[in-house]
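None of the figures in this text is laboratory data; all of them are computed from the coordinates on show. The structure displayed is predicted, hence computed values, not measured ones. Here the Cβ positions follow ideal geometry from the backbone for every residue, glycine too, while neighbour counts run over all protein chains shown.
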Amino acid sequence: MSFESKTPEGPLKDQWTNHKNNINLVNPANKRNIDVIVVGTGLAGGSASATLAELGYNVKSFCYQDSPRRAHSIAAQGGINAAKNYQGDGDSTYRLFYDTIKGGDYRSRESNVYRLAEVSANIIDQCVAQGVPFAREYGGLLDNRSFGGVLVSRTFYAKGQTGQQLLLGAYSAMNRQIARGKIEMFNRHEMLDVVLVDGKARGIIARNLVTGEIEKHSAHAVVIASGGYGNVYFLSTNAMGSNATAAWKTHKRGAYFANPCFTQIHPTCIPRSGEYQSKLTLMSESLRNDGRIWVPKKKEDVAAIRAGKLKPTQISEEDRDYYLERRYPAFGNLVPRDVASRAAKERCDAGYGVNATGEAVYLDFSSAIERYGKEQAQINGEPNASKERVLELGKKVVEAKYGNLFEMYEKIVDQNPYETPMMIYPAVHYTMGGIWVDYNLMTSIPGCYAIGEANFSDHGANRLGASALMQGLADGYFVLPYTIGDYLSNDIRTGKISTDLPEFEAAEKEVRERLEFFVNNKGTHSVDYYHKKLGKIMWDKCGMARNAEGLKEAMQEIKELREDFWKNVSVPGSMDELNPELEKAGRVADFLELGELFARDALEREESCGGHFREEYQTEEGEALRDDQKYTYVAAWEYTGNPMESILHKENLEFKEVELKTRSYK
Amino acid sequence: MNLTLKIWRQKGPKDKGKIVDYKVNDISEHMSFLEMMDVLNEQLINSGEDPVAFDHDCREGICGSCSMFINGRAHGPAEGTTTCQLHMRSFSDGDTIYIEPFRANAFPVIKDLVVDRSAFERIQQAGGYISVNTSGNTQDANAIPIPKEDADMAMDAATCIGCGACVATCKNASAMLFVGAKISQYALLPQGRVEAEKRAKNMVAQMDAEGFGNCTNTGACEVECPKGISLSNIARMNREFLTANLKK
Ligand SMILES: Cc1cc2nc3c(=O)[nH]c(=O)nc-3n(C[C@H](O)[C@H](O)[C@H](O)COP(=O)(O)OP(=O)(O)OC[C@H]3O[C@@H](n4cnc5c(N)ncnc54)[C@H](O)[C@@H]3O)c2cc1C
Ligand code: SF4
Ligand code: FES
């Protein structure tokens, strides 16, 4: 197995250009003889499939939904970053690079992040050419908004549906190639294993989710674009089907898994309302452009609110604690996500939470509505507009910006956020950790690549808002399609890979036996029973704050839960039909292993950085305390048969361009 | 609240299928409709029965997976709402709720409430794109200014989630609202104009080939569309289609 970052030589700003100039290419005639499998059709997989097909490779794409357009990327709301500097506010490739390294708390690879910033501008050009209807200003040019952790406006958006529009763009590019016969699309298929031949990734085993048939698919390279593993917590903002199976199976076959404990807990989500809760809903970070976050200053007000005797709108300005503005005057409500989440937890733990569970803070738009209303009245030539008129005008502006989010909130909570502040609380949202990849996005299995949220590459210990969409599309449109050629140039004479090889037979047999086990087990508990239990352990002991004792307990408890699962899980129905419970069983089985490695990784990292907050390592003011001497590395885990015995490999991170500093947003 | 559910059960495409009654108790008004279905399924699993299969993924109204016909209405009683965004506060204690799949000849049932909407895929493949390579070597994004009104209208059309409620609602099982939305999104943008007519012709031809019905302007689709896609998109599609055919 190879474990070198393969970062090109030379100055950062020339690395990608030089690398592209030096790597091997496959000529167009030979590409026709080469097959590539792409697992996943989100922004990363969709864009990669389309581009690989366009370059001439034969692509086979897989997703578990009934259409590539339904991949989880569709749900991204707020926007996508790009260093276009259209606002003339001093943005540049360097600044985007720097913000991302700093935002990630100095735990990502400089070379990858610089390349990401470099290609970011191209993404916007590409998407506009595809007909993505980004928001525009009255002059007809593209509009921008701001996201957390930065001081420029570089986020492009399409109302609150940016992910949807970008994914439909990638999907349309895929459709064009499906129509040409260059992409063969496998909807409602789930990859259940990767197949290695002579140490190289040469195919996958997938289950047709409609007929239950187990299929062998071969290729010269396999690309994993299956998204993140946030659902290890059961409750997260991810789609119900989001899972780690493709990534985890790849890990078990030899791909190192990096930084599993780096998880993003997003500060602004709708709080949970009961035990039956099946998932959590995000309220986009873009809302923090205009919303102010607060809790009451006085405990008696908190009590009155919880008892339903007081409304938040009745609390005067002096009695409100705008704690982010208080603690972080420079960035205020737009501090990065990890900082905002911990601050909310701190207030709620101290007893200031504003709903029945004590786990909610306010996100208030009244100041913004008034400010916009006044501005609009000026523009309209109504300087003497009444208060009602100002509010009416202001609400219109806010509606144009965030209308669909407000609507979504009202549907779920049954309260009108134009009239009363939203209630929000942090929730699991994104996983920075993932399959380890080198500069070429190749995993430690030759010929196996990982892109998008499934890899660990660019966000260090904390991802900045609007950067996941950027990374997914950068990987898929502009990076992987070129770096993969370097590897495939050795395969021009290989010819078709046969699925009759013993390696395929063996992998298929393993998959089949596992499925047979599930449907024959006739145990006592449903899959969800185990998933919820796992989620609770993860949230309580590997959540927003962690400590050594809790992590050790978590490892033990997860191990016991896993043993119980393999004895007592109950899966109704059969293997050869559409069987959602069987799908879930396989996914939860993998989460039950991943969770343990997660806890172990968190235990190993005796520092606080980004989303990984160890209670033992904090400053007097409660800020994260990094240990650059000991932990400036990527923790890449090698599977050896049991998560408990995985071997830790360290990729040391070298910072040549950026000086390591304590992250400060004060 | 306690409810009686009358649910369409169908083992597979060839099975005839029938309505089966179930009871669920202690349902909270804050639950989403699909969380209520989770409760039912947990109940069925624990009593050794086969749970009800239904499509769902994002559970926040954007992926277009969920597709239930509830009390005779696509996505249920609330307007501008997908099945997954429907909450139990729209129902009352003691209610009987009918739950069926989205029905149309072009959407055959796979199992229970899950239908095959791949006809929509093939329509998109017939022309739902702008023929531009993904090389990134395009002109600068701000090179073509686009009037905000046009961009906003294109965006409104582009918010279609491809759920198929319009088809399930229409007495003719027409897919015009879905196809009209896609054609409009591109027709409204200068990048999409170049191929606008060809696109309209090809997508409409595919729509007909899939066995969707004709549009007789009843407008039920617009009412039931969870994303408020406007009928004006159908009119625009017809214009594009007519011009394309006149030039033939
Ligand atoms: C609610 C929400 C809002 C967000 N908003 C933003 C935002 O505004 N800006 C931003 O930058 N980021 C945002 N993010 C993050 C961002 O959306 C994701 O990180 C990103 O879309 C992931 O893309 P992906 O292509 O890597 O994977 P996904 O979009 O998750 O796609 C995964 C694909 O893999 C397939 N798949 C998975 N497992 C298998 C398997 N075993 N077999 C076959 N197929 C499989 C799925 O079918 C799917 O096609 C948001 C995330 C959430 C949850
Ligand atoms: S037009 Fe409306 S109802 Fe029809 S598929 Fe699109 S979103 Fe669904
Ligand atoms: S589950 Fe995604 S729209 Fe309903």
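A compact table of results
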read-out	value
Taking all pairs of distinct alpha-carbon atoms in chain B, Kirkwood radius in angstrom	19.5 Å
Peptide-level mean, for A:120-129, of C-beta atoms on other protein chains within 10 Å	6
FRET E, pair B:Ala235, A:Glu616, Förster distance 41 Å, beta-carbon r, rounded to 0.05	0.05
Centroid-to-centroid separation of the range B:131-157 and the range A:556-631 [C-alpha atoms, Å]	42 Å
FRET efficiency, B:Gln43 to A:Arg512 (Cβ-Cβ, R0 22 Å, nearest 0.05)	0.15
Efficiency of FRET from Cβ geometry, A:Lys396 and B:Arg89, R₀ 22 Å, rounded to 0.05	0.20
Shielding by partners - mean other protein chain Cβ count within 10 Å, residues of A:68-78	4
Equivalent ellipsoid dimensions for the range A:372-521 as semi-axes, Å, which come from the Cα gyration tensor, largest first	53, 24, 13
Of all DSSP beta bridges in the range A:520-652, antiparallel share, percent nearest 5	80 percent
Cα-based reach from B:Lys148 at 26 Å (exclusive), listing lysines while leaving out same-chain residues under 8 positions away	A:Lys84, A:Lys159, A:Lys374, A:Lys395, A:Lys396, A:Lys401, B:Lys182, B:Lys198, B:Lys227
Set of the range B:188-225 residues, backbone N closer than 11 Å to the point 7 Å along the Cα-Cβ line of B:Asn105	B:209-214
Area projected by the alpha carbon convex hull of the protein assembly as shown, averaged over all directions, nm²	36.2 nm²
Rough spin-label spacing in nm, given labels placed 7 Å along Cα→Cβ, for A:Ala307 and A:Lys661	4.9 nm
For A:164-175, mean number of other protein chain Cβ atoms within 10 Å	5
The range A:90-99 - phi-based ³J(HN,Hα) in whole Hz, Karplus 6.51/-1.76/1.60, Gly and Pro as x	x, 6, 6, 3, 4, 5, 5, 4, 4, 4
Three-way shape label, the range B:118-246, alpha-carbon gyration tensor, a/c 1.5	prolate
Highest average packing first - A:151-158, B:123-130, Cβ atoms within 10 Å	B:123-130, A:151-158
J(HN,Hα) series, the range A:444-451, from Karplus relation 6.51 cos²θ - 1.76 cosθ + 1.60, nearest Hz, glycine and proline x	7, 9, x, x, 10, 10, 9, 9
Charge sum, other residues only, whose C-beta stays under 13 Å from A:Arg288's C-beta, Lys/Arg counted +1 and Asp/Glu -1	0
Two-site label geometry, B:Lys14 and B:His30: point separation in nm, points 7 Å out along Cα→Cβ	4.8 nm
Using alpha-carbon coordinates, inclination of helix A:502-521 to the longest axis of chain A, degrees	50 degrees
Max mean-square fluctuation residue, GNM over chain B, Cα-Cα springs under 10 Å, options B:Glu197, B:Glu224, B:Glu29	B:Glu29
Within the protein assembly as shown, percent of DSSP bridges classed antiparallel, to nearest 5	70 percent
Using θ = phi - 60° and Karplus 6.51 cos²θ - 1.76 cosθ + 1.60, couplings along the range B:204-209 (whole Hz; Gly, Pro as x)	5, 4, 5, 4, 5, 4
Length released on extending from A:Arg32 to A:Gln629, taking residue separation times 0.36 nm less the Cα-Cα span	210.0 nm
Proximal charge balance of A:Thr245 [Cβ under 13 Å; K/R count +1, D/E count -1]	+2
Flagged links, alpha-carbon separation over 22 Å, of A:Lys345/A:Lys536; A:Lys60/A:Lys279; A:Lys533/A:Lys559	A:Lys60/A:Lys279
